[in-house]
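Note sheet for the following structure.
Each reported figure results from applying straightforward, stated rules to the coordinates on display, with no laboratory input. Keep in mind that what you see is a predicted model, and the values were worked out from it rather than measured. When we count neighbours, we look across all protein chains shown, and the Cβ atoms used for this are built from the backbone with ideal geometry, even at glycine.
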Amino acid sequence: MLTNSCKYAIRAVMYLAMNSDPDKKVGVKKIASELEIPQAFLAQLLRNLTRDRLVSSSKGPGGGFFLDERNRKKSLWDVIISIDGTYKFNECFMGLAECDEKKPCPAHAVVAPFKKQLLRDFKDKTVTKLVEESEKNGTVISLKDSVIK
């Protein structure tokens with residue numbers, strides 16, 4: 001459902017939430033290496049996230065990307081909108097041009113409740129909460145060398 005761009009962006013935001021703060025910035029080269037994401041591609045994603053105020057950055061010596069408290073309160077949905085937009089969540093599961101409560105496709109009754117719950121979860125899950133749950137559950141954001149938990 002999410003594009004690779006969006007998945008990379010979510011992983012990068014999680015990495016920054018776990019490894020940065022206003023006093024500890026991380027460069028795109030390190031993030032790209034740790035998460036095994038092409039550096040130029042990640043740089044563009046981080047620019048978009050910075051533009052949309054989901055990630056903070058500073059230039060010059062000691063500069064880099066980081067998350068401040070305001071960034072950490074943003075939701076997973078905010079990241080998704082920044083990178084993918086909402087169109088995938090408005091599309092018909094079967095690819096029909098018209099599909100809604102008034103003109104449902106054959107799969108609408110099955111898919112609609114799951115789609116609503118997924119949207120609710122994305123909107124309710126803050127970056128901080130996502131990282132807390134990830135650390136508690138031992139889930140990973142990279143499989144490079146040593147696992148980042």
First select every other residue whose beta carbon is under 12 angstrom from the beta carbon of V55; then total the charges, Lys and Arg +1, Asp and Glu -1. +4
May I ask you to order 1-7, 50-56 by the average number of other C-beta atoms within 10 Å around their residues, highest value first? 50-56, 1-7
Most positive-pole-ward Cα, A43, V111, T3, against dipole of the chain from beta carbon charges: A43
Using 0.36 nm times the number of residues separating R53 and F114, minus their current alpha carbon distance, what extension gain do you get? 19.0 nm
Straight-line reach check, K103, cutoff 20 Å on alpha carbons, 8 or more apart in-chain or any other chain, hits among aspartates and glutamates -> E91
If the cut-off is 25 Å between C-alpha atoms, which lysines fall inside it for K136, apart from same-chain ones fewer than 8 positions away? K7, K24, K25, K30, K73, K74, K123, K125, K144, K149
Cα-projected label distance for A40 with E135, points at 7 Å along beta-carbon direction, nm: 3.6 nm
Please quote Rg/Rh for the stretch 57-124 to two decimal places, taking the Kirkwood radius as Rh and restricting both calculations to Cα atoms. 1.21
Within the stretch 1-138: Cβ-based charge dipole about Cα centre, in debye rounded to nearest 20 (Lys, Arg +1; Asp, Glu -1): 260 debye
Rounded to the angstrom and largest first, Cα extents along the principal axes for the stretch 1-77 equal 36, 26, 21
Given a cut-off of under 8 Å on Cα pairs at least six residues apart, what relative contact order in percent is computed for the chain? 28 percent
Could you give the C-alpha radius of gyration of the stretch 45-93 expressed as a fraction of 2.2 N^0.38 Å, taking N as the number of residues it contains? 1.38
If each Cα of the chain is one equal point scatterer, what is log10 of I(q)/I(0) from the Debye formula at q = 0.14, 0.19 Å⁻¹? -0.71, -1.12
Mean Cβ count within 10 Å, highest first, over the residues of peptides 13-22, 80-89: 13-22, 80-89
Can you compute the helix-only [θ] at 222 nm over the chain? Use -39500 (n - 2.57) per DSSP H run of at least 4 residues, normalise by all residues, nearest 500 deg cm²/dmol. -16000 deg cm²/dmol
Dipole of the chain (Lys/Arg Cβ +1, Asp/Glu Cβ -1, origin at the Cα centre): which of C92, T126, S56 lies farthest to the positive side? S56
Roughly how many Å is it from the Cα centre of the stretch 21-72 to that of the stretch 94-126, as a whole number? 33 Å
